[in-house]
Amino acid sequence: MFRGMSIDYSHVWAWWGTNQPAFADFAQGGGVLTVNVAAGAQPDFNVSGQTRCLAHGDFDPRVGFNLVTWPAQNGVWVSLMVGGTPFNVYRVSWQFEPSEAYGAYLPPAGTTVSATGTTGTLRLTREGDIFTAYYRSGDSWVPIISGTGPTGDVPLTLGVFNISGAATFAGPVTVAFDNFHVFADRIVCP
């Protein structure tokens, strides 16, 4: 999905952006999309992109990540989410136990499990109205949590962000996304 040398705004991404362009940037190249957040970024930064096309019916999006620069307890989330909703699966480093965690929030419930390593894959499926969040461990998908959610056509969002009310930012961080795929009953494009 990140094969070109620049972000494809005409066919794939409705937008990619940051609320702090002086401290957070992103670039595509070499098969990855790399997000850089400088140590001087202010709390509540957000660097994210949303798909132009919508997933219809049952879907199964997945994205790989590499935590290239990832200090301990940095207060940053790497997330795959249903655009415009809080439904998401993530990898986080924060000041709580476990300080390195995979997690998911499928309203009204959320949970985290301990994480290790600097590479991984996130997955968020929908079958009917049942969402399930996963992370990959070796050759297996490990479910984090399941819950009910919206059934309409939805965009998907990749993001790197901080929520200051939940964790203090302690960067810099660099995250590389790769192998973003969406399997769905149907993909609806404008």
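Heavy atoms only, probe 1.4 Å: what % of the accessible area of the chain goes to carbon and sulfur, would you let me know?
Numbers: 4510 of 8340 Å².
Taking all protein chains in place, the chain shows 54 percent carbon and sulfur surface.
Relative contact order (percent) for the chain, with alpha-carbon contacts under 8 angstrom and 6 or more residues of separation?
The normalised contact order for the chain reaches 32 percent.
Obtain the nm distance between the two label points defined at His11 and Asp25 by a simple spin-label model: each point lies 7 Å from its Cα along the Cα-to-C-beta direction.
Result for the modelled spin labels: 2.7 nm.
For a quick check, take a GNM of the chain with Cα springs below 10 Å and name the residue from Val175, Val63, Val142 with the largest mean-square fluctuation.
Val142
Keeping every protein chain present and rolling a 1.4 Å probe, give me the accessible area per residue for the chain in Å². Write out the running numbers ahead of the final one.
Details: 8340 Å² over 190 residues.
On a per-residue basis, the chain sits at 44 Å².
Could you run the Karplus curve 6.51 cos²θ - 1.76 cosθ + 1.60 with θ = phi - 60° over region 118-129 and give me ³J(HN,Hα) per residue in whole Hz, x for Gly and Pro?
Here the 3J(HN,Hα) series is 10, 10, x, 9, 9, 8, 9, 9, 9, 10, x, 10 Hz.
For the pair Thr69 and Ile163, what calculated FRET efficiency results from E = 1/(1 + (r/R0)^6), where r is the Cβ-Cβ distance and R0 = 22 Å, to the nearest 0.05?
Approximately 0.65, to the nearest 0.05.
The values are calculated or read from the model by the stated rules, or taken from the named source; none is laboratory data. What you see is a predicted model; the values in this text were computed from it and never measured. Note that each Cβ is placed from the backbone with ideal geometry, even for glycine, and that neighbours are counted across all protein chains shown. These accessible areas exclude ligands, DNA and RNA; they are computed on the full protein's heavy atoms, side chains included. Shrake-Rupley method; radii C 1.70, N 1.55, O 1.52, S 1.80 Å.
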